[in-house]
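K.L.:
My questions will all concern the structure given below.
The values are calculated or read from the model by the stated rules, or taken from the named source; none is laboratory data. The model shown is predicted, which means the values in this text are computed figures rather than measured ones. Heads up, the Cβs are rebuilt from the backbone with ideal geometry, glycines too, and the neighbour counts pull from every protein chain shown. Side chains included, ligands, DNA and RNA excluded: accessible areas come from the protein's heavy atoms. Shrake-Rupley method; radii C 1.70, N 1.55, O 1.52, S 1.80 Å.
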Amino acid sequence: MGFFTELQDHSEVKLSILEKYTIPWMRKIILNRFGPRRCLLIDGFAGKGIYDNGKKGSPLIMIEAAMDFYNQSVQNKWSEPGIFIFLNEWDPENQKSLISNIERLGFETMDNNLFSSSDYKTITIVVENKTFEEFLTDILKGIKSGNSLIPSFCFVDPFGFSSTPFRLFKKYLENENSELLINFIYEHTNRFIRHPNEKIRDQISDHMGLVSLDQLSEKVANLSSIERKQIIIETYTSNILNETEAIYVRHFDIKKNGKTKMILFHVTKNINGLKLMKETMWKHDETGQYVYNDKEQMVQLDFDTILSNDKEAHIKLLSKQIFNNYTGLKNISIEEIEAFTLVESIYPITNFTRPALKILEEKGVINNFKGRSKAKSYPPGTLMDFS
Ligand SMILES: C[S@@+](CC[C@H](N)C(=O)[O-])C[C@H]1O[C@@H](n2cnc3c(N)ncnc32)[C@H](O)[C@@H]1O
């Protein structure tokens, strides 16, 4: 069965995260009073656009999100959003299908690889047929020296590890407000880490941003599969944090039949991007582990009840973490506590931080509130003491 015959469940969750993230991301960028009101969506491994079973692939998700956002803007009488969508697909046959799927949405070509629509005047789509490396390098080369790309989000969804060199991400992340969602093909990376072929080992090392793979392969040699995964995730995360300008990295594990197939890494410099992605990922796995397992998902028929019980436990846990972090400190703002939740805990802010504070207030361990008019409310600017 070919990849595009049917969208498999575990790939569907990857695309669902992309779909749930794209519109709120565009809203945040474009409706920002101080921002440029323009944004760029990049899909480096776009595929055909639609699977044979009718499900949408990443480029169509991006285009339809842009169209929805454009319609919302017109309805709300906001100025028309400038949305650029740069797509790339290396296989010529796939690229042909992609183009006809774009045309079906009413976009026409103006100049061989440029598409626009009279109904969506400020959406511009570019479709390239290059390797990912050439594609991204060309985008970055087009930036005038001293300038930056407009705010951009780049989705990277390869089949393996050989075409996503780390140095490209490093260069891309030099741009202001640039974000990545990388589908890290864990299964192959893990399997080939000790491959006898040096070329393959070099590709993995390039992909992970390592000088040499030897150290990592020695480190994971006799470990259990869970420990191996932990080390591989930690290595990739710390390379991103240490070697690029990104500030926040979160990952989401995607399993098929109980085994990790791929890991989505979200990489950003912007705390609002982190906030949005944590909320999006959380919706796809409310157990707090940020894992999707196609097998389990099917048997969890009573998922909602399980979650409503678990959520209370999570909020209690967060309240303990907040208390431990601020014990004895005075005049702590709600904004600081939210930032702590976001960066230091596994939880999203919405529906977690305030209920956790409520528990602490009921216990009497936070007090002396300033800047609020009623008990157990924490409007922006509220200050509190921790005993
Ligand atoms: C996992 S699929 C992408 C699926 C797509 N994102 C979706 O949601 O439907 C990977 C795609 O990358 C293409 N591809 C393979 N090697 C490539 C390379 N070096 N550069 C760009 N595209 C490549 C393949 O032809 C394939 O269509």
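K.L.:
Take the residues in region 109-135 that are within 15 Å of the ligand (Cβ to nearest atom) and in a loop (DSSP other than H, G, I, E, B), then tell me which one is nearest to ARG27 (Cα to Cα).
P.N.:
Out of the qualifying residues, it is ASN113.
K.L.:
Identify all residues within region 71-86 that are away from the ligand (no atom under 16 Å from the Cβ) and crowded, with 22+ Cβ neighbours inside 10 Å; write none if there are none.
P.N.:
Once the filter is applied, which keeps residues that are away from the ligand (no atom under 16 Å from the Cβ) and crowded, with 22+ Cβ neighbours inside 10 Å, region 71-86 yields PRO81, ILE83.
K.L.:
Criterion first (on the phi > 0 side of the Ramachandran plot, of a type in the set (Gly, Ala, Ser) and open to solvent by 80 Å² or more (accessible area, probe 1.4 Å)) does GLY106 satisfy it?
P.N.:
Numbers: on the phi > 0 side of the Ramachandran plot: yes; of a type in the set (Gly, Ala, Ser): yes; open to solvent by 80 Å² or more (accessible area, probe 1.4 Å): no.
Taking the combined requirement at face value, the residue does not satisfy it.
K.L.:
Taking GLU89, is it within 16 Å of the ligand (Cβ to nearest atom), open to solvent by 10 Å² or more (accessible area, probe 1.4 Å), touching a Lys or Arg at 6+ places or on another chain (Cβ under 9 Å) and in contact (Cβ under 8 Å) with a residue 12 or more places away in the chain?
P.N.:
yes
K.L.:
Would region 325-335 turn up any residue that is under 19 Å from MET277 (Cα atoms) and not assigned by TED's automatic domain parsing to the domain that holds LEU276?
P.N.:
Within region 325-335, one or more residues are under 19 Å from MET277 (Cα atoms) and not assigned by TED's automatic domain parsing to the domain that holds LEU276.
K.L.:
Within region 33-63, take every residue that is assigned to a helix (DSSP H, G or I) and aliphatic (A, V, I, L, M) and give me the one that is farthest from the ligand (Cβ to nearest atom).
P.N.:
Once the filter is applied, the top-ranked residue is ILE63.
K.L.:
With respect to the numbered conditions (1) assigned to a strand (DSSP E or B); (2) farther than 23 Å from MET262 by Cα, which one is the sole condition not fulfilled by SER73?
P.N.:
(1)
K.L.:
If you don't mind, there's one more thing I want to ask. With the requirement that a residue be farther than 15 Å from THR341 by Cβ and open to solvent by less than 50 Å² (accessible area, probe 1.4 Å), what does region 354-368 give you?
P.N.:
The initial filter retains those residues of region 354-368 that are farther than 15 Å from THR341 by Cβ, namely 361-365, 367-368.
Hits for region 354-368 are GLU361, GLY364, VAL365.
K.L.:
Give just the number: which of (1) more than 15 Å from the ligand (Cβ to nearest atom); (2) open to solvent by 20 Å² or more (accessible area, probe 1.4 Å); (3) not β-branched (Val, Ile, Thr) does ASP138 not satisfy?
P.N.:
(1)
Conditions tested, residue by residue: (1) hydrophobic (A, V, I, L, M, F, W, C); (2) in contact with an Asp or Glu (Cβ under 9 Å, 6 or more places away or on another chain); (3) modelled with pLDDT under 90.
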{"site": "ASN257", "(1), (2), (3)": "no, yes, yes"}
{"site": "LYS261", "(1), (2), (3)": "no, yes, no"}
{"site": "ILE271", "(1), (2), (3)": "yes, no, no"}
{"site": "GLU279", "(1), (2), (3)": "no, no, no"}
{"site": "GLY288", "(1), (2), (3)": "no, yes, yes"}
{"site": "GLN300", "(1), (2), (3)": "no, no, yes"}
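K.L.:
Scanning for something surrounded by 22 or more Cβ atoms within 10 Å (Cβ to Cβ) and either β-branched (Val, Ile, Thr) or without any contact (Cβ under 8 Å) to a residue 60 or more places away in the chain (or both), does region 34-43 turn up at least one residue?
P.N.:
Taking every residue of region 34-43 in turn, at least one turns out to be surrounded by 22 or more Cβ atoms within 10 Å (Cβ to Cβ) and either β-branched (Val, Ile, Thr) or without any contact (Cβ under 8 Å) to a residue 60 or more places away in the chain (or both).
K.L.:
Please indicate, with yes or no, whether at least one residue in region 176-187 is in contact with a Cys (Cβ under 6 Å, 6 or more places away or on another chain) and either on the phi > 0 side of the Ramachandran plot or assigned by TED's automatic domain parsing to the domain that holds MET26 (or both).
P.N.:
Of all residues in region 176-187, those in contact with a Cys (Cβ under 6 Å, 6 or more places away or on another chain) come to 180.
Applying the additional criterion that residues be either on the phi > 0 side of the Ramachandran plot or assigned by TED's automatic domain parsing to the domain that holds MET26 (or both) yields 180.
Checking region 176-187: at least one residue is in contact with a Cys (Cβ under 6 Å, 6 or more places away or on another chain) and either on the phi > 0 side of the Ramachandran plot or assigned by TED's automatic domain parsing to the domain that holds MET26 (or both).
K.L.:
Let me ask another. Could you list all residues from region 150-167 that are touching a strand residue (DSSP E or B) at 6+ places or on another chain (Cβ under 7 Å) and away from the ligand (no atom under 11 Å from the Cβ)?
P.N.:
Of everything in region 150-167, those that are touching a strand residue (DSSP E or B) at 6+ places or on another chain (Cβ under 7 Å) and away from the ligand (no atom under 11 Å from the Cβ) turn out to be ILE150, PRO151, SER152, PHE153, CYS154.
K.L.:
Taking LYS20, is it part of a helix (DSSP H, G or I), open to solvent by 10 Å² or more (accessible area, probe 1.4 Å) and in contact (Cβ under 8 Å) with a residue 40 or more places away in the chain?
P.N.:
yes
K.L.:
Which condition number in (1) within 16 Å of the ligand (Cβ to nearest atom); (2) touching a Phe, Trp or Tyr at 6+ places or on another chain (Cβ under 9 Å); (3) of a type in the set (Gly, Ala, Ser); (4) not in a loop (DSSP other than H, G, I, E, B) is the one that SER100 fails?
P.N.:
Going through (1) within 16 Å of the ligand (Cβ to nearest atom); (2) touching a Phe, Trp or Tyr at 6+ places or on another chain (Cβ under 9 Å); (3) of a type in the set (Gly, Ala, Ser); (4) not in a loop (DSSP other than H, G, I, E, B) one by one, SER100 breaks only (2).
K.L.:
Can you name the residue in region 1-11 that is part of a helix (DSSP H, G or I) and more than 10 Å from the ligand (Cβ to nearest atom) and, of all such residues, is least open to solvent (accessible area, probe 1.4 Å)?
P.N.:
The selected residue is HIS10.
K.L.:
Does LYS170 satisfy the condition of being free of Cβ contacts under 8 Å to residues at least 12 places away in the same chain, basic (Lys, Arg) and more than 14 Å from the ligand (Cβ to nearest atom)?
P.N.:
no
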